[in-house]
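The values are calculated or read from the model by the stated rules, or taken from the named source; none is laboratory data. This structure is a prediction, so every number in the text was calculated from the model and none was measured. Backbone-built Cβ (ideal geometry, glycine too); neighbour counts: all protein chains shown. Surface accessibility is based on the protein's heavy atoms, side chains included, excluding ligands, DNA and RNA. Shrake-Rupley method; radii C 1.70, N 1.55, O 1.52, S 1.80 Å.
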Amino acid sequence: MAVNSNIVGIVSDEFTNPNTVKLLNEVTRQLNERGLITLLLNANSRESYQNALHNAAQLPVSGLVFLTSLFSDEMSVAADILPQATTVHLSHSASADANVVIADGFDAGAEMGLLLLSQGHQRFGFMHSQENSAPARQLDGFVASLQAEQKELKIELSAGGNDRELAYQAMMAYLKKTRAAERINALFCESDVLAFGALQAVRDFAQGAHVAVVGFDDVDEARASTWHLTSWAQRRDLLVAEALNRLLENRADTSNAWQQGELQVRHSHHGKHVPGEMSQCGCAIRH
């Protein structure tokens, strides 16, 4: 069903997450261009989610864009309160019925694996945001690239949330409990936020620890001289355009061209940090 009013709700519980903020900026920009009104629904608990939907029900909201997935039954709750609203997710969703528009991270993971292998790293790890969550497509591609070179993933870490402090704690705990000879020397993180925390832990731990850390999302902070974080940049403009086409026009691009991205190569994949060093390559591998 196509949207038939000029109000579209945007649902998230992570308006402080830099990737969510960049998505929000792109969604609102494109909605403005289409002459539509944006209604923000900040839901950080089940109760606040239901309250936000009940408040929204006082307006002719015809569509909901989810920037993050909140609960396994979030769609049925929305359907009960806003039965007229169509939905689309710009994030993973626990619901099999969700209309999901996200970059396929398999290629990102594979290319990140090849990049880390090219640096001579031998022991590899991956950091998830949530334990027991659905395996990230980035991880699938990463493992495939390692296996092609007869390497294996040594460890999977879980931060317990998409939060840099939690990532810092998880990485620091790993470094403290693992003998130097057995530690990984390259870590691929599910998001840049996790990568920032993990990278800071490596620096603070010191003791000769050198771990290459790379991320996914390419948020603005990744370019800062503090991090020089090598990351994968999603084409948010294409993702949002596809999501809104599905929501507003019931039209999907089956070529999946909107899933493309760019590997942004900086310094963090080398595994050694020089305080205050300035970026020299500034290069990007484009697809």
| said: Helix check for the chain. Which DSSP H runs span at least 30 Å along their own axis by Cα, with a mean Kyte-Doolittle hydropathy no less than 0.5? | reply: none
| said: On a full-extension model of 0.36 nm per residue, what is the gain between HIS92 and ASN42, subtracting their alpha-carbon distance, rounded to one decimal in nm? | reply: 16.2 nm
| request: Quote the accessible area belonging to ARG164 in square angstrom, nearest 10, computed with a 1.4 Å probe and with ligands, DNA and RNA left uncounted. | output: 90 Å²
| said: Skipping prolines and chain starts, which residues have an amide H placed within reach, meaning under 5 Å, of the one on PHE66, given they are 5 or more residues away or on another chain? | reply: VAL11, VAL88, HIS89, LEU90
| Three-way shape call for the stretch 145-214 based on the alpha-carbon gyration tensor, with the a/c threshold at 1.5 | oblate
| said: Can you give me the solvent accessible area of VAL193 with a 1.4 Å probe, rounded to the nearest 10 Å²? | reply: 10 Å²
| remark: In the list (1) 60, 37, 36; (2) 77, 53, 32; (3) 70, 51, 36, the entry giving Cα extents along the principal axes in Å computed from the coordinates is (1)
| query | Mean separation of Cα pairs under 8 Å and 6+ residues apart, divided by the residue count of the chain: what relative contact order is that in percent? | reply | 16 percent
| Shape call, the stretch 1-55: gyration tensor on alpha carbons, a/c limit 1.5 | oblate
| note | Ranking SER95, GLN84, THR38 by how far each Cα lies towards the positive end of the charge dipole of the stretch 25-168 (+1 on Lys and Arg Cβ, -1 on Asp and Glu Cβ), the top one is THR38
| Near the amide H of THR230, under 5 Å away, which other amide H atoms are found, from residues 5 or more places off or on another chain, if H is placed in the peptide plane? | GLY215, ARG266, HIS267, SER268, HIS269
| note | In nanometres, the difference between 0.36 nm per residue of separation and the alpha-carbon distance of GLN50 and ALA257 is 71.0 nm
| Given a Förster distance of 30 angstrom, what is the FRET efficiency for VAL77 paired with THR178, based on the Cβ-Cβ distance and rounded to 0.05? | 0.10
| request: Heavy atoms only, probe 1.4 angstrom, no DNA, RNA or ligands counted: give me THR230, THR28 ranked by accessible area, highest first. | output: THR28, THR230
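Round to a whole number: what % of the accessible area of the chain belongs to carbon and sulfur, probe 1.4 Å?
Details: 6190 of 13100 Å².
Using a 1.4 Å probe with all protein chains present, the chain comes out at 47 percent carbon and sulfur.
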